[in-house]
1. Report whether or not residue 80 is more than 26 Å from residue 46 (Cα to Cα), more than 18 Å from the chain's Cα centre (by Cα) and loosely packed, with under 12 Cβ neighbours inside 10 Å.
2. Among the numbered criteria (1) modelled with pLDDT of 95 or more; (2) over 21 Å from residue 138 (Cα atoms); (3) assigned to a helix (DSSP H, G or I), which single criterion is violated by residue 33?
3. Being under 18 Å from residue 140 (Cβ atoms), out of contact with any helix residue (DSSP H, G or I) (no Cβ under 9 Å at 6 or more places or on another chain) and assigned to a helix (DSSP H, G or I) is the filter here, so list the residues in the stretch 50-101 that pass it.
4. Look through 92, 119 and report the one residue that is at pLDDT below 95, more than 30 Å from residue 44 (Cβ to Cβ) and buried (at least 17 other Cβ atoms within 10 Å of the Cβ).
5. Collect the residues in the stretch 107-159 that are assigned to a loop (DSSP other than H, G, I, E, B), out of contact with any helix residue (DSSP H, G or I) (no Cβ under 7 Å at 6 or more places or on another chain), farther than 15 Å from residue 62 by Cα and in contact (Cβ under 8 Å) with a residue 12 or more places away in the chain, keeping them in residue-number order.
6. Among the residues of the stretch 58-73, is there at least one that is under 18 Å from residue 109 (Cα atoms), touching a strand residue (DSSP E or B) at 6+ places or on another chain (Cβ under 8 Å) and at pLDDT 95 or above?
């Protein structure tokens, strides 16, 4: 364990308010003081934040009758003007899911009139997925609310802290992404 940690004050918090991860680490330090829980303080907080972030995002997307996966498909199409079209293979690469899961998402979005499917001009076997006018309207509104929610969640950090945190998270992601 690092020297800057004491058994009862994880994260060097001293008299500061403890979060759930501090409490967990404190209990582990009592029963297994020989172990190093520094990584738990990082990963545990990321996992805990993911829970709260996901909950908030789902609440916001529910206003549009969307789940995160459906929003991802609409957003991927929206980022490809002027036609707002992509093949299923292109979409699959962008949203990192199986072809079956993507087909289910496209089916749900198509049944709601948010996307349409058509045969590709250049390949009779191929399909092109296109954002409809209604899909464009929904994603435009949803992305604005989504960004506002992200700003609110990150707002406890200063701009400099957000930039530093983004760099550190990117470093971690690049080490595990393939």
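1. Details: more than 26 Å from residue 46 (Cα to Cα): yes; more than 18 Å from the chain's Cα centre (by Cα): yes; loosely packed, with under 12 Cβ neighbours inside 10 Å: no.
It is false that residue 80 is more than 26 Å from residue 46 (Cα to Cα), more than 18 Å from the chain's Cα centre (by Cα) and loosely packed, with under 12 Cβ neighbours inside 10 Å.
2. In the conditions (1) modelled with pLDDT of 95 or more; (2) over 21 Å from residue 138 (Cα atoms); (3) assigned to a helix (DSSP H, G or I), residue 33 misses (3) alone.
3. Listed by number, the list holds a single entry, 62.
4. Details: 119 fails: buried (at least 17 other Cβ atoms within 10 Å of the Cβ).
So the residue among 92, 119 that is at pLDDT below 95, more than 30 Å from residue 44 (Cβ to Cβ) and buried (at least 17 other Cβ atoms within 10 Å of the Cβ) is 92.
5. So in the stretch 107-159, the residues assigned to a loop (DSSP other than H, G, I, E, B) come out as 112-114, 120-126, 132, 155-158.
The next check asks that each one be out of contact with any helix residue (DSSP H, G or I) (no Cβ under 7 Å at 6 or more places or on another chain); those that pass are 112, 120-126, 132, 155-156, 158.
Okay, now just the ones that are also farther than 15 Å from residue 62 by Cα, so 120-126, 132, 155-156, 158.
Result: 120, 126, 132.
6. Initial filter on the stretch 58-73 (under 18 Å from residue 109 (Cα atoms)): 58, 60-73.
Keeping just the survivors that are touching a strand residue (DSSP E or B) at 6+ places or on another chain (Cβ under 8 Å) gives 73.
Among the residues that remain, those that are also at pLDDT 95 or above are: 73.
Yes, the stretch 58-73 contains a residue that is under 18 Å from residue 109 (Cα atoms), touching a strand residue (DSSP E or B) at 6+ places or on another chain (Cβ under 8 Å) and at pLDDT 95 or above.
The values are calculated or read from the model by the stated rules, or taken from the named source; none is laboratory data. What you are looking at is a predicted structure, and each value in this text was computed from that prediction instead of being measured. Counting neighbours? That spans all protein chains shown, and the Cβs are built from the backbone with ideal geometry, glycine included.
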